[in-house]
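Written below as structure tokens is the structure these notes are about.
The values are calculated or read from the model by the stated rules, or taken from the named source; none is laboratory data. Please read all numbers here as calculations on a predicted model, not as lab measurements. Methodologically, a virtual Cβ is constructed for each residue, glycine included, from the backbone with ideal geometry; neighbour enumeration extends over all protein chains shown.
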Amino acid sequence: MPAISSTILSDRNEQRKLVENLLGKGTLDRLPDNFDPRNTKKSNKINKNDELIDISMLESSKICKSFIVGKCPYDMLDNTKENMGKCYKLHIEKYKLIYENAKEKNIPMPRENYELDYMNDLEKFVTECDKRVLIAEERLDYSESDKQLLNDLARHVEKLESTVKVTLEELNVIQEEQHNIIKSIELNEKLFKYISEKDALSDKYSATLERLNTAGQQKLQVCGICGAYMSKVDNDRRLADHFLGKIHIAYAEMRHTLDDLKKKYKR
């Protein structure tokens, strides 16, 4: 009897190895208890044109639908300044091949063959990019408020210069008369305060003026596709480098694919 039991177990192990070699390691762990490798009609798989395709594993929330349907945005931005790290979902070529094979054989899958999941992922990335575009454009609009700030700083500096002049004249008179030491000390303290304020505002005025001049020379604009700053006076070579850059191409492709999916599903 032990010999017979050993033979049975050996046969089962061989069958298990054959099935896993065909369908992938761990496949049997996902199959129902009544699965019979000799009769696939009893399994939870779809048999089309005598080819066994298991699409049930694709439904897991751990599987990146963007990867199996098209291109995952995380991969598209990898090794760029916009790098957001690795996707937190699984990217496994086997699942991508199963998806493509099932789609080729017109085997229906949930959520319009997972294209709706793909569309949602793309929309998240494009929406975040649009927010950055608006913020970048608002920063360029600061030039008008900066000009107002520049005018205000100039008026304050001029006013402080006048105050310093008056205070200094008053201090000179008191020191010549030498009859009010306390008043002289107070005026000295005020004079030091006014001069410090004037110097600080003058430095701020110079820095603001330099920044405005730099922005004016660069004539910056924001790329509506990827949100990067570009100079309006860049030559064709520099503009070509931008448009052929990995970040710009990634967002351009995301936007194009998202538009196509929205038209397809009328969203």
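Listing for the model above:
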quantity: Test: residue 120 is at pLDDT 85 or above and not in a helix (DSSP H, G or I); calculated: no
quantity: Tally, over segment 202-231, of residues that are modelled with pLDDT under 85, aliphatic (A, V, I, L, M) and not in a strand (DSSP E or B); calculated: 4
quantity: Hits in segment 63-75 - residues which are buried (at least 20 other Cβ atoms within 10 Å of the Cβ) and in a helix (DSSP H, G or I); calculated: 65, 66, 67, 68, 69, 73, 74
quantity: Subset tally (residues that are closer than 19 Å to residue 113 by Cα and touching a Lys or Arg at 6+ places or on another chain (Cβ under 7 Å)) for segment 64-84; calculated: 3
quantity: Cβ pairs under 9 Å, 6+ apart, first in segment 97-108 and of a type in the set (Asp, Glu), second surrounded by 12 or more Cβ atoms within 10 Å (Cβ to Cβ); calculated: 100/68
quantity: Test: residue 154 is of a type in the set (Gly, Ala, Ser), in contact (Cβ under 8 Å) with a residue 60 or more places away in the chain, assigned by TED's automatic domain parsing to the domain that holds residue 249 and part of a helix (DSSP H, G or I); calculated: no
quantity: Odd one out for residue 145 among (1) surrounded by 12 or more Cβ atoms within 10 Å (Cβ to Cβ); (2) over 15 Å from the mean Cα position of the chain (by Cα); (3) at negative phi; calculated: (1)
